[in-house]
Structures are given as C-alpha cells and as structure tokens.
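One structure is given below, encoded as structure tokens.
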Amino acid sequence: MRLYEYFRSSASWRVRIVLALKGVSAEHVPVHLLRDGGEQHGAAFVARHPARLVPVLELEDGTAIAQSTAIAEYLEETVPEPPLLPRAPAIRAYVREIMAAIACDIHPLNNLRVLRHLTGTLGQSEAARDAWYRHWVETGLAALEARVVQRGLAGAFLCGDTVTLADAFLVPQLGNARRYHCDIGVCPTLVAIDERCAALPEFAVARPQE
C-alpha cells in the first residue's frame, strides 16, 4: 500500500503513528503542500482525492481511502492486533470522542488552507493569522483537557495505561501547538500523556523529519 502524505501535516502524522503501532509497512509518497503552489492541486493527486487533502492511503487493488479517521478505523479493522480501540462500547465511544474533538473541532479551523485563506483572500497579517491559530487551538485543547479530566479514564495514556487511537490523534495536535507557540499550559494532563507517548518508538519514528 501507499500513503500519500505531507510530513508536516498533522492528519498524515496521525496515520504514520497508527501504521507504526500496527506494524504495517507502507510506501510513503510525499505530496508537498507548498511547493509549486501545492502538489495536492496536481491532476494526478486530484484524481485520487478531489478535496485535495492529505493523507490518502492507496491499497494494493488501487482503492484510495481518504481522511485520517477513516484510514485509522480501516487499519484497526483489518489489522486487529494490537487493538487500538477498547472493547467496551462506552469506552470505545470515549476514544472516538477524543479523535473527533481533535479532527473535527480543533484541526479544521487551523489547517493550511484556512491559514492561507486568512492571509491571502482576506488579507490578514501573519500576526493576525497566528493569533487566530493560537486562539482556536488553545480553546480546543482547554476543552479537551476538561473533558478528559471529567471522564476520569486517563492513566499513562488517554484511555488507561494502553495506547489507543486517541493518543495517535493527540500527539500531532500538540506538536502543531508547540510549532505555533500556543500556550499548552492550558492542558497539563494532555501534555504529560504526550510526553509518555514520545518515549515510545512507534511515536518517535512517525515524527516529522525536517
């Protein structure tokens, strides 16, 4: 299989973590989101995913799966060991809730095309763009911190002492938050979990290489 991705894309980063945790090998095909106006706009990539977003996982039969959450769930279903979703339905829903909070609430407001629209189409300064980024990321992380503490299910990781898909989604979001100098003091529980994840080889190998 092939993973079409951009090294700094947090959505791509999530999938790299899941692949590593599952022990699945994939050919990594870089799609540079900045070079020449963005390689995601080229005809070959648009044919795979008209939304022009990474990542896309292409299977051996040519089937293309887009969206990091769908890819993560596909890998969970087709490579069941090690399991990255809990067995109990309510706890499984908690993990999916965290995934959705990151992938649907926090990340979409701050991905590359939104930031480009702010500075390009709307004429905002880089300072205004960065203030936008920090506001929504800090707001989202503070809410996620409160929810995780409220549920009381976190241990070494977001769901007890076992890594789940929730951790694979958290780490890239905190990586981006640091890159834009967000105040991650709003989420001490999440930061501590992120640090424990960073010590695991599967997370280390998936980190963006500058």
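One table, with the values for the structure above:
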read-out	value
Test: Ala156 is open to solvent by 10 Å² or more (accessible area, probe 1.4 Å), in contact (Cβ under 8 Å) with a residue 12 or more places away in the chain, part of a loop (DSSP other than H, G, I, E, B) and under 23 Å from Ile91 (Cβ atoms)	yes
Of all residues making up region 60-92, the number that are of a type in the set (Gly, Ala, Ser) and in contact with a Pro (Cβ under 9 Å, 6 or more places away or on another chain)	2
Those residues of region 175-198 which are in contact with a helix residue (DSSP H, G or I) (Cβ under 9 Å, 6 or more places away or on another chain), in a helix (DSSP H, G or I) and more than 15 Å from Leu158 (Cβ to Cβ), in sequence order	Gly175, Asn176, Ala177, Arg178, Ile184, Gly185, Val186
Matching residues in region 8-29 - criterion: being of a type in the set (A, V, I, L, M, F, W, C) and within 8 Å of the chain's Cα centre (by Cα)	Ala11, Trp13, Val15
Test result for Glu77, in contact (Cβ under 8 Å) with a residue 40 or more places away in the chain and open to solvent by 50 Å² or more (accessible area, probe 1.4 Å)	no
Selection within region 50-62 - under 24 Å from Ala100 (Cβ atoms) and either polar (S, T, N, Q) or without any contact (Cβ under 8 Å) to a residue 40 or more places away in the chain (or both)	Pro50, Ala51, Arg52
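The values are calculated or read from the model by the stated rules, or taken from the named source; none is laboratory data. The model shown is predicted, which means the values in this text are computed figures rather than measured ones. Glycine also receives a Cβ, built like all others from the backbone with ideal geometry; neighbour counts cover every protein chain displayed. Just the protein is used for accessible areas: all its heavy atoms, side chains included, with ligands, DNA and RNA removed. Shrake-Rupley method; radii C 1.70, N 1.55, O 1.52, S 1.80 Å.
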